[in-house]
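Worksheet for the structure shown next.
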Amino acid sequence: MFCSLGALGRSLLIQRCCPLCARPIDQTLKGSTPCRPCQERLQLSPEGIKGWHPLPWQALGRYADGFRALLLKLRREPNKRRFHALITLLDQGLQLPESAVLVPIPSWKHHHGNTVPTLMAQRLGLPSAPLLMRHQARLSQHHLSRNLRKTNLTGAFQAAPIPEKQPAQIWLVDDILTTGSTALAARDALHHAGYAVGGMICMARTPARSCRR
Ligand SMILES: [Zn+2]
């Protein structure tokens with residue numbers, strides 16, 4: 001039964017609905033997250049996934065199959081409610097020090113750039129600071145080989161000068177972690193300016209080739 005058909009009684013009127021499939025949601029779920037069948041379909045869980053390569057990272061899920069298709073769709077057709085539901089679920093699995101400060105990785109495009117990292121940082125409920133500037137328009141990373149990606153990003157970021165009371169530990173925020181070249185270039189710029197970087201938070205991690213089999 002879809003909630004949009006509502007008005008079928010008091011219970012349905014107070015029934016929360018899944019922001020992804022609009023079906024009534026299990027009331028035991030915390031916050032406004034995708035329903036359990038949607039989490040299973042997209043291979044997501046409140047624990048998220050974590051790894052160490054090429055820098056410590058925490059993600060909601062693998063950038064593959066249904067979750068990849070959903071994120072691509074949300075980029076074309078932004079939907080705040082769906083987006084917030086994914087961030088709420090991501091938030092439940094994060095393990096960060098209390099003193100963590102989030103720094104979104106800026107897009108190199110001045111217009112129609114990717115606003116997802118900034119929205120994620122705002123929504124995650126931790127302090128955030130726009131410490132990075134992307135001061136050179138580069139080629140899109142999308143079509144470049146791994147080595148060219150690294151070269152393409154050398155010097156692409158500049159970090160704001162360190163304030164008197166510097167943040168204890170910075171966590172970078174981006175929507176997708178693929179080779180990590182962008183994240184490493186951003187981390188290097190922050191290190192160079194004297195900041196301590198704990199790792200990266202992202203919506204999805206592209207699976208290694210060996211995992212695709
Ligand atoms: Zn659902």
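The values are calculated or read from the model by the stated rules, or taken from the named source; none is laboratory data. Every value quoted in this text rests on a predicted model; they were computed, and no experiment measured them. In this analysis, Cβ positions are derived from the backbone assuming ideal geometry, glycine residues included, and neighbour counts consider all displayed protein chains. These area figures cover heavy atoms from the full protein model, side chains too; ligands, DNA and RNA do not enter into them. Shrake-Rupley method; radii C 1.70, N 1.55, O 1.52, S 1.80 Å.
Restricted to the stretch 77-180, the set of helices (runs of 4 or more DSSP H) holding at least 3 residues that are surrounded by 17 or more Cβ atoms within 10 Å (Cβ to Cβ) and at pLDDT 95 or above comprises 80-93. Screening 18, 38 for residues that are within 12 Å of the ligand (Cβ to nearest atom) and modelled with pLDDT of 95 or more leaves exactly one candidate, 38.
Taking every residue in the stretch 14-42 that is under 14 Å from residue 84 (Cβ atoms) and touching a residue at least 60 places away in the same chain (Cβ under 8 Å) and pairing it with any residue that is of a type in the set (Asp, Glu) and near the ligand (Cβ under 8 Å from one of its atoms), at least 6 positions away or on another chain, yields no pair with a Cβ-Cβ distance below 6 Å. Looking at residue 193, is it over 22 Å from the mean Cα position of the chain (by Cα), surrounded by 12 or more Cβ atoms within 10 Å (Cβ to Cβ) and modelled with pLDDT of 85 or more? So residue 193 passes the test. Only residues that are more than 19 Å from residue 174 (Cα to Cα), open to solvent by 60 Å² or more (accessible area, probe 1.4 Å) and either touching a Phe, Trp or Tyr at 6+ places or on another chain (Cβ under 7 Å) or assigned to a loop (DSSP other than H, G, I, E, B) (or both) were counted in the stretch 33-73, giving 1.
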